[in-house]
Every structure is written in C-alpha cells, then in structure tokens.
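Worksheet: the structure to be examined is printed underneath.
The values are calculated or read from the model by the stated rules, or taken from the named source; none is laboratory data. Note that the structure is predicted; figures quoted are calculated from it, not measured. Glycine gets a Cβ as well: all are built from the backbone with ideal geometry, and neighbour counts include every protein chain shown.
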Amino acid sequence: MNSQANVAKIQTVVAARPGAIRQALRSVLALCSQLEISGVANGGLSALSLVRQLKPALIVIDSGLLEDEIAVLLEQIKQEQPQIRCLVFADTTRQQAAFLTLGCDAVILRSEPTDRMVAALNNMGLW
C-alpha cells in the first residue's frame, strides 16, 4: 500500500461566508488527509475566480451563500470545468434536490454526521 506522503493531495477550494460555519467546514475537511485546502472564498464570484485560477479537483460550497450565487457558481463550473467535483452543504432537503438538479456531484445536509461527508467524497472518485 502506498504511503500518504507519496500521494498528491487533492486541491480543494472552500466557498463559505466568514465565521463559525466556514471554520467548522475547514475542520471537517481537515479530517480527510487526502485533501488540501488551496483557497477559501467569501462568495460566489470570488469562488469562481479562485476555481478559474487554481483549477482544483474539488470545490466545497456552504449553503450560507445566497442560493442564486450557488446556482450560478455550479452552472459556471460545470460549463467551464466539468471535471471539478462539487460538494454542497445544504440546510434543507429542498436545497439538496435543487443543487443536485444543477449538476452538483453531492449534497450533504449540514445536520448530517461527518462520516456522511467522507462517504460522499469516497463516492466522487477523487481517490
């Protein structure tokens, strides 16, 4: 089995408003040793700019952003760089369904346990 040191980290961008939720997201993502947070954005436009610049393998979006911002961000990413995997943390099952319809690769409810996020990442084929 390969050592973790020999495996390249999966570049990840986080899009979330500043505050406790963003800090919690970063802490949860840190549990996945395969991921490296290469950029953090406060909103949809800055996230899109980071994605265009950094070309990460994964973007994690918090539903604390405006729904319209998330929708535009998902549409632009999937149009410009469809290989980028998109994971959204949602507040409601309605949001969950809407974001999946927009092409998000996985949507997790904020209330779900951490192992659900790990399972979703495993199912994305990132590693």
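Of the numbered conditions (1) out of contact with any Pro (no Cβ under 8 Å at 6 or more places or on another chain); (2) outside any loop (DSSP other than H, G, I, E, B); (3) under 18 Å from Val107 (Cα atoms), Thr12 fails exactly one; give the number of that condition.
(1)
List every residue pair whose Cβ atoms sit under 8 Å apart, with the two residues 6 or more apart in sequence or on different chains, where the first one lies in the range 51-66 and is of a type in the set (Asp, Glu) and the second, anywhere, is crowded, with 20+ Cβ neighbours inside 10 Å.
Asp62/Val14; Asp62/Ala15; Asp62/Ala16; Asp62/Leu25; Asp62/Val88; Asp62/Phe89
I'd like the residue in the range 60-71 that is β-branched (Val, Ile, Thr) and closer than 12 Å to Phe99 by Cβ and, out of all such residues, is surrounded by the most Cβ atoms within 10 Å (Cβ to Cβ).
Result: Ile61.
Need pairs with beta-carbon distance below 6 Å; first residue without any contact (Cβ under 8 Å) to a residue 60 or more places away in the chain and under 20 Å from Val28 (Cβ atoms) and within the range 70-96, second surrounded by 12 or more Cβ atoms within 10 Å (Cβ to Cβ) and among the polar types (S, T, N, Q); sequence gap 6+ or separate chains.
Ala90/Ser63; Ala90/Gln96; Asp91/Ser63; Gln95/Ser63
Would you mind telling me which numbered condition in (1) over 18 Å from Phe89 (Cα atoms); (2) modelled with pLDDT of 95 or more Asn2 fails?
(2)
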